[in-house]
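Take a look at the structure set out below.
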Amino acid sequence: MAPTNPITVLVHEYASGDKGALDRLLPLVYVELRRIAEKHLRGERPNHTLQPTALVHEMYARLAGQAPPEVRDRIHFLSVAAQVMRQILIDHARTKYAQKRGGRLDKLSLDEAQEACVEKPAVMVRIDDALNELARQDVRKAKLIEMRFFGGLTAEESASVVYKRNLMIAYGHVGDVLGSPIAYNLSNSEGARAYYRRAVAIGEEIRNADPHDSTAEFDLASGLEPLGMVDVSPSRAAESLAALQRSVRMLETLVAADPHKLPFKRTLALAQEYEGLRLRDLRRYAEAIASYRQSVALSDAMLKTNPADRVALSQAVASSRGVAAAMAMAGDRAGSLRQARATIALAKANVNAGPEKAHRQRYVAESTLEMGSVYEILAKQSPAARQRPDWQAARSTLLQHLPTECDHSQWQADVPGSSRSAACQELAGRGGCAFVGVSTGAPLTAPGSVYKLTRASNGNARGRTAGRPRVAAMGRAPYR
């Protein structure tokens, strides 16, 4: 049946190659196009050179100068128009940003980013990079974000649960690209938190519509989890902890109702690990240890069900490492060292328990690094007579397990007060280095630091140390 709506008719004629239909279509949708342009340009100064009218005209010029896209209806045409407008601003932003090459990218919230365009070219470039990364994974979700972010969909058109759920997932993916602690990201934690908040807000809306929907409950818990996991300043650790604790409570209820559902248990174990991390940041060490242990127990249970479950092994090792670090920070020397050794033993015992042996060997290396880090934490708490043996224990731990040497000339100069005898050891066969610096012959207060690895889902492991390290280090290895 042929369409009768005049806009749909013109859209079809335009898609069929009649460029004159574009001229006839534009006046009918001009108000909506201008609304989209205003969303793009929101927040700019009143006398900006690119006003909404000019942006609409530039969009028209681009469409008129290229082959007609395959568009189906009004919504599809507006989606294409929104994409063209965004690309116009991105091209303008990249040009301006290229003129300031070397300038740092601003970190800001989604609401601020939504108002930024040509006057903040670095922000526009970053938003475009995030959307392009999402499009490589899921084109449909990227389009949903684009239409909701830049306009084109009315409230009625975006009211369906299916749309909301997809948009929630899409926001989460963009948050991951911007600042997930377990994935490659653009190091924009504030931007990631803003996207995660948007995802959580949608999740709340869907769950409130049907509180008995376990899928909606899991989606919301899964949205709260990365909101609490993403890197924050110490002053915001309590806020992140609250999100994680709520996620943990919801996931515990779901696991209790369906104890055989693996995604529920894996998500809960990860949330418990990061709950422990946030509690540790707040120096609530006893509670942190309890959270880590809950994660270890759940991961151990999954391993008993399936000894070849590498995800469960990775989680068990990571949470066990957390227990060791928290115990060290709490001043429990014997307990922390015992836990660190148990973590290494757990990783070693499972090296041949299943496929992907290289990944499993990496867990041994990570556990070894944790042992060194535990010694470092203890050294900072020890009396002067005990400090040097602890630094040397940290060094010898890595020398014992990571015996391949590498050039440390580049980082040596960055270690104030360190001697040339500082050790620099390579994580053999794993594509990166873990460094330990110990000053021999220097005062007992000389710096030493063991660099720990955090996990990343696609091959990047970013280093962190407890406290403030003075030795540069980097590690790279695949996550899980």
Any residue in region 303-320 that's in contact (Cβ under 8 Å) with a residue 40 or more places away in the chain and part of a helix (DSSP H, G or I): show its pairings with residues that are among the aromatic types (F, W, Y) and crowded, with 17+ Cβ neighbours inside 10 Å at Cβ separation under 6 Å, as long as the two are six or more apart or on different chains. V317/Y363; S319/Y292
Return the residue satisfying two criteria in turn: it lies in region 276-302 and is touching a residue at least 40 places away in the same chain (Cβ under 8 Å), assigned to a helix (DSSP H, G or I) and surrounded by fewer than 19 Cβ atoms within 10 Å (Cβ to Cβ), and of such residues it is farthest from the chain's Cα centre (by Cα). A286
Which residues, taken from region 237-257, are surrounded by 15 or more Cβ atoms within 10 Å (Cβ to Cβ) and either touching a residue at least 60 places away in the same chain (Cβ under 8 Å) or not β-branched (V, I, T) (or both)? A237, S240, L241, A243, L244, Q245, R246, S247, M250, L251, E252, L254
Is it true that some residue in region 437-447 is modelled with pLDDT of 80 or more, surrounded by fewer than 15 Cβ atoms within 10 Å (Cβ to Cβ) and either more than 31 Å from the chain's Cα centre (by Cα) or in a helix (DSSP H, G or I) (or both)? no
Among the residues of region 306-357, which ones are closer than 27 Å to F264 by Cβ and either touching a Pro at 6+ places or on another chain (Cβ under 6 Å) or basic (K, R) (or both)? R310, R321, A353
The number of residues in region 188-216 that are without any contact (Cβ under 8 Å) to a residue 60 or more places away in the chain and over 15 Å from K164 (Cβ atoms) is 5
Which of the residues spanning region 36-56 are surrounded by fewer than 14 Cβ atoms within 10 Å (Cβ to Cβ) and at pLDDT 85 or above? T53
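The values are calculated or read from the model by the stated rules, or taken from the named source; none is laboratory data. In this text the structure is predicted, and so the values were computed from the model without any measurement. Glycine also receives a Cβ, built like all others from the backbone with ideal geometry; neighbour counts cover every protein chain displayed.
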